[in-house]
Every structure is written in C-alpha cells, then in structure tokens.
C-alpha cells in the first residue's frame, strides 16, 4: 500500500514536475539567503502529496476494488498515511541534497547555513509539521470529496484562530483547543535543544493521534457506493 | 452460500432526494450456482451488488456469506470482483496492477510474476500490453485486465458487473469462456449484465429487479427450469403450415414478423418432438433452439 502511494505520486508526470518546481524554488530561495530560519517553499509539497489521498480512490472506484480483497480499512488508511510520509520524506531529502549542492557549488566553500546537519534539522522540522498536516488532510479526505480536504484544513485553521472571545471561559476553551489541536511546535529549535522537546512532542503526538483515530473511525463506518444503476 | 434476507436500502433522507434503492429483497445463491441480476437501469442491481460486497450497509435486513458478514476478511479472501468500470491508477503498468492485486489477495511474492503472466494469458492480453500504463488501454483491454484481476487465485465467489461491457465479439466470447471455466470448477457467481443472450448462456438462474424489488426469479437450467421457450425459424411461406403442425402436436405457437415461431416447451424432448413433426410435414426448418427468451421477460417486466 505504501509503495503504491509513492508510485502513484512519483509515477505521475504532473506531480513530478510540480514537486520539481517546488524543490528548485526552495533551493534558489535558500541559496539567495531566504529561508534561513527554515524551509519556506518545500513544506507546500505536503498539500500536493496528501490532498485527496483517500477521496480520489473512492471516486475512481479503486478503493472498492482494493477493499474487495482481504484487507482491513485501517490497513489501507494507515498505508496511505505512511505512503504520504515516505513520499514527503523523499521530497525533502532530494530538496535538501539539492540545496547542499547548489549552495556549495555557488559559494565554493562549506557554508555554515547549508551544513548537512543544519539541513537535516530543517528537513526534520518540515517533515514533522508536514506529517501533522497530512494527518488532518487524511482525516478530512475520508469523508470529503476530491481535494475538499484542503478546504477542511483551511476551515479548521480559521475556526481555531477566530478573534478572541469576550467571555473569559470561552477564550480559555478556544486557546486550549488551538494549543492542543493545532500545536505550534518549533521542531527546529526543539531538535537543536533550544526548545522543550517533552512538551512539544506531547501536544504534537496527542493531536496527531486524535486526527488519525478520527480518520480511522470515520473511514471504518463509511459506505462506498461504486457506481450507479 | 449467499443469503439475502429482507434487504432494504434508501439513499438521501428527505423529499425528492430520498430514493428507495432496495425494498425488501430476499434471495439465496447456492454454492456453485451462477445467478444473473437483470432489470432496467436504476432498478437497484448495482446497489444490491454493493451490499453483497459489503460496500453498503442495508438499512434493514441481513446479508450473509456462509453465515458471515460479506465484509468478513475470510469471505473476501475467497472473493473476486470486477466492477463495471475499472478505476485504478492510470499511470500504473498492467503487470504492476495485477501484481498489486495478487499480493492483496494473499498471493506469494515469489509467484507474482508467473501468476500475473498466466492471468494475462487467460484473458488474451499480450505481454507488451502488460508493460504499458493502464491509461493507454482501450475500454476492452481494461475489461480484460479487470477480469484477469478478478480471477486471480481462482476465487470461490465471483461478483461481475457488466464484465463484457465495451468489449468486441471476441472479448464477449472470452468473458463467457472464463465465466464457464469458473463455473466448472465450482465457483459461485453473481453476474450483473444487460447482455441478456450472454446471461442466458452462463446463468443457472436469473432474478429480475425492478424499482428496488425482486419481482421474478426464473430457473434457466436443469429439470426445474421455469422458463423454456422453443423457437423455430421456417420460410415465410411455410409459417402458417408450421404453426398448424405445432398446434396439432399440442404446442401453443406465436409467429413473429421474422418467420419465427415461439412456444413454451417443458423439456428438450418436447423440442425434439416439435422439430420431428415439422420434418415429417416436410416443412424446412432453418433454425431450432430452446431459449429462455430473457429479452421477452425483460420487455414484459420493464413495460410501464
């Protein structure tokens, strides 16, 4: 299932071109001094890689064929999720390698900003953030058609960032929801020891688990009509 | 083997969007039986097939396969399914598609290549075509590779939705041969098709579904056959004489404009008696066959 997802994405010329463009823009942004605090363009690749991950299989009928085989729905779902992560990891690895090569070829020396360790940390930061966004997209994709999961993610983000409430208890509840469902974790800092890893991972893992469990529950209950009479 | 008991399914909740797709459908499919689902478009056949496969959950009633729910993994391990339109990754080569389903069906990785090639051979797909992405396949080729995947690992249960749709006459014959092969090895088959002549050639029984209700069940084979029509074609000049001869033999012939006479027959012996009577009356017979005449059944049932 994982291999199929990676093949789906990297086997499609359109996707490959789009990912290539993102990697090149990130590389040149980085080489020109932009994005020193982290990758700026590359994280957008997660939306390309994860949008419609389940809904496209539903609408094409591929899912129905797969689920006529002895495979659990959760196996399929988490296979898709792992597929997204592997695809995204590959993309970040290639982008990091490209940045390393371009920066070192153009500056002709071992630039500190583009040292292998720093690039690994930046890629790790982008990966962890992307893994979280992918879980939300996967959850929405189990019941929204096409790439409406992107819209779902946007709505969730807007709802959790509504202007401060007048009532204190409402404001507190909204803050708690935002901090726990959309935790802002600076993985780059945490991985370098500049942030508190324990608190960061705790909230991140909690929220990620919530979205993945929700995805599994919704998907297990979903009906799959495969055509019309 | 498959038991469907009082199954109802409604789509939409309110007003005009509410559609009763199935309404109290009950039927049984015996082990080794080939059942045809026939009925007009929108009758509920696909919905029933979706319920049989466990993709849809009935609002009322129950479906079991050997006493288990249809989405039980042990049932699915024995199931082959061909949808009407093959929906899959268009960039995937044919052999990768078959290998993927071989593995999903529980086949050993080491045998995948050989089994994929054997499956492709069975449906007449050339090796070079297997290396091409599915996006380059014609409709007929997609149906063939879809059938090949459904037949992987010789499933005991086969659900086929319009298997010969979009195929040329050779493809239609090939689909028929594969179904008959599966039937010969004892597979239980549920076939949804509008190609009534093909349904008649392979099915033991047909059920007619209309407006979500099972309105008729006809047995096509064996001593318990409930629908058997004799058909003889003679010259236009001999039509009246032939009708008279058959009437004298106790048949109830109806003539049509093509010079054919149709009449109910109880058995193959009846048909032989009818042909013998025509031969003794020296009336040339151009064609003689026993048929279930499903088209006629379809017209009767589908008429408003």
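The values are calculated or read from the model by the stated rules, or taken from the named source; none is laboratory data. Because the structure is a prediction, the values reported are computed rather than measured. Glycine gets a Cβ as well: all are built from the backbone with ideal geometry, and neighbour counts include every protein chain shown.
Descriptive notes on the structure:
- Sole residue being under 30 Å from residue B:156 (Cβ atoms) and more than 14 Å from every other protein chain (Cβ to nearest Cβ), chosen from A:24, A:77: A:77
- Residue A:154 within 30 Å of residue A:52 (Cβ to Cβ) and part of a helix (DSSP H, G or I): yes
- Only one of A:94, A:159, A:86 that is at pLDDT 90 or above and farther than 22 Å from residue A:32 by Cβ: A:86
- Residue match in region A:126-134 (condition: more than 20 Å from the chain's Cα centre (by Cα) and modelled with pLDDT under 90): no
- Residues of region B:244-303 that are closer than 30 Å to residue B:39 by Cβ and in a helix (DSSP H, G or I): B:268, B:270, B:271, B:294, B:295, B:296, B:297, B:298, B:299, B:300, B:301, B:302.
- Checking residue B:14 against (1) more than 10 Å from chain A (Cβ to nearest Cβ); (2) surrounded by 15 or more Cβ atoms within 10 Å (Cβ to Cβ); (3) closer than 24 Å to residue A:222 by Cβ; (4) modelled with pLDDT under 90, the condition it does not meet: (2)
- The listed residues are A:114, A:97, A:135, A:128, and the only one of them that is surrounded by fewer than 24 Cβ atoms within 10 Å (Cβ to Cβ), in contact with a helix residue (DSSP H, G or I) (Cβ under 7 Å, 6 or more places away or on another chain) and farther than 28 Å from residue A:157 by Cα turns out to be A:114.
- Top-ranked residue in region B:80-95 [being part of a loop (DSSP other than H, G, I, E, B) and out of contact with any strand residue (DSSP E or B) (no Cβ under 6 Å at 6 or more places or on another chain); ranked as nearest to the other protein chains (Cβ to nearest Cβ)]: B:87
- Candidate set: region B:116-129, residues that are in a helix (DSSP H, G or I) and surrounded by fewer than 20 Cβ atoms within 10 Å (Cβ to Cβ); chosen: the one nearest to the chain's Cα centre (by Cα): B:122
- Meets criteria (more than 20 Å from residue B:50 (Cβ to Cβ), touching a residue at least 60 places away in the same chain (Cβ under 8 Å) and either part of a loop (DSSP other than H, G, I, E, B) or in contact with a helix residue (DSSP H, G or I) (Cβ under 9 Å, 6 or more places away or on another chain) (or both)) for residue B:146: no
- When we screen A:82, A:63, A:16 for residues that are more than 14 Å from every other protein chain (Cβ to nearest Cβ), part of a helix (DSSP H, G or I) and in contact with a helix residue (DSSP H, G or I) (Cβ under 9 Å, 6 or more places away or on another chain), the only hit is A:82.
- Hey, residue B:98 outside any loop (DSSP other than H, G, I, E, B) and within 16 Å of residue B:171 (Cβ to Cβ) or not: no
- Taking the numbered list (1) assigned to a helix (DSSP H, G or I); (2) out of contact with any strand residue (DSSP E or B) (no Cβ under 8 Å at 6 or more places or on another chain); (3) within 14 Å of chain B (Cβ to nearest Cβ) in turn, residue A:104 passes all entries but (3).
- For region B:152-168, a residue qualifies if it is modelled with pLDDT of 90 or more, out of contact with any strand residue (DSSP E or B) (no Cβ under 6 Å at 6 or more places or on another chain) and over 17 Å from residue B:203 (Cα atoms), and the qualifying residues are B:152, B:153, B:154.
- Residue selected from region B:101-112 under the condition assigned to a helix (DSSP H, G or I) and surrounded by fewer than 20 Cβ atoms within 10 Å (Cβ to Cβ), by the criterion nearest to the other protein chains (Cβ to nearest Cβ): B:103
- Among the residues making up region B:55-70, those that are at the interface with chain A (Cβ under 8 Å from one of its Cβ atoms) and buried (at least 19 other Cβ atoms within 10 Å of the Cβ) are B:55, B:56.
- Members of region B:32-42 found to be over 22 Å from residue B:180 (Cα atoms) and crowded, with 24+ Cβ neighbours inside 10 Å, listed by number: B:39
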